[in-house]
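Input: a single structure, listed below in structure tokens.
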Amino acid sequence: MIRDNKVLKYLLYAIGEIILVVIGILIAISINNSNELKKTRVAEKIYLKEIKSDLIQDTLLLSQVIKDHKWRIAQLRSQDTTIDIIFEEIIGKLPTVEGVSQLEYIFFTDRKFRPKIGTYNSMISEGKSNIISNRELFNNIQNIYELEVQNIITIGEDVLDRSNELRNKYAYEIKYGDFGSPIKITDKRILADIYISSRQLNYYTRQSVLLKKSITELIEVIDNEYHSIE
């Protein structure tokens, strides 16, 4: 090759071979990255779809919680007309009630918000929070689940604890008291507790309405993001 002056040609040939190999590797990497990106986007759409489904179920449950607690607030108010209905511009008009037939119903409540958080928790526990490419959207989802939802859960536990406390406190009156039908309470001790319970339920109902509004807005954003992913 030296005698025939072919060294330069050989070097150029070798360099060409190396370049072709490098180009082939880069193409393979690009195709692999493209396939991985497609898989990630498919997984992202699955998560968004399931989170959206969970949130829709949450709005339905919140609607029932709001309805039930507005009915309870109306009952409490029917016993003490001095109660001011705070947040009425948010929770809406209360239903009309004539009263209830048993004192226990004044204090009893078992309806509280129990969110569907399985999909979100699974995503976080598996370390897949980065799968949602729109980080602002992820932050909004995180805020709903870890702040607003947790706040409602805490308030709901307080409401239930107070309900149980009052049922125990007035166990004798509930079992043996003669309040007529519909009930009309004049005992100032009970009226004082009714007043406090009413304010607590007002706050819980207000926060439930606001949470439902936030979730409804988030569902719309998720839906738009879902359809924008190719």
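Read the figures in this text as sums done on the coordinates, not as results from a lab. Fair warning: this is a prediction, and the values are worked out from it, not measured in the lab. Every residue, glycine among them, receives a Cβ derived from its backbone with ideal geometry; neighbour counts consider all protein chains shown.
Below is a table of values for the structure above.
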| quantity | calculated |
| --- | --- |
| Point-charge dipole on Cβ atoms (K/R +1, D/E -1) for the chain, about Cα centre, debye to 20 | 440 debye |
| Net lengthening on full extension, V221/Q102 (0.36 nm per residue, minus Cα-Cα) | 38.3 nm |
| Angstrom value of the Kirkwood radius, inverse mean 1/r, which spans all Cα pairs in the range 7-228 | 21.5 Å |
| Backbone N under 18 Å from the E165 label point (7 Å along Cα→Cβ), restricted to the range 200-221 | 200-205 |
| Cα centroid separation, the range 144-169 to the range 48-97 (Å) | 14 Å |
| Protection proxy ranking, peptides 68-81, 136-149, average beta carbon neighbours within 10 Å, highest first | 68-81, 136-149 |
| Qualifying lysines (Cα of each under 20 Å from Cα of K116; at least 8 residues distant if same chain) | K45, K49, K52, K67, K128, K212, K213 |
| Protection proxy ranking, peptides 86-98, 163-175, 194-206, average beta carbon neighbours within 10 Å, highest first | 194-206, 163-175, 86-98 |
| With Cα atoms, 0 to 90° folded angle of helix 149-169 axis to the chain main axis | 20 degrees |
| Cα-based equivalent ellipsoid, the range 96-207: semi-axes from gyration tensor eigenvalues, Å | 42, 13, 11 |
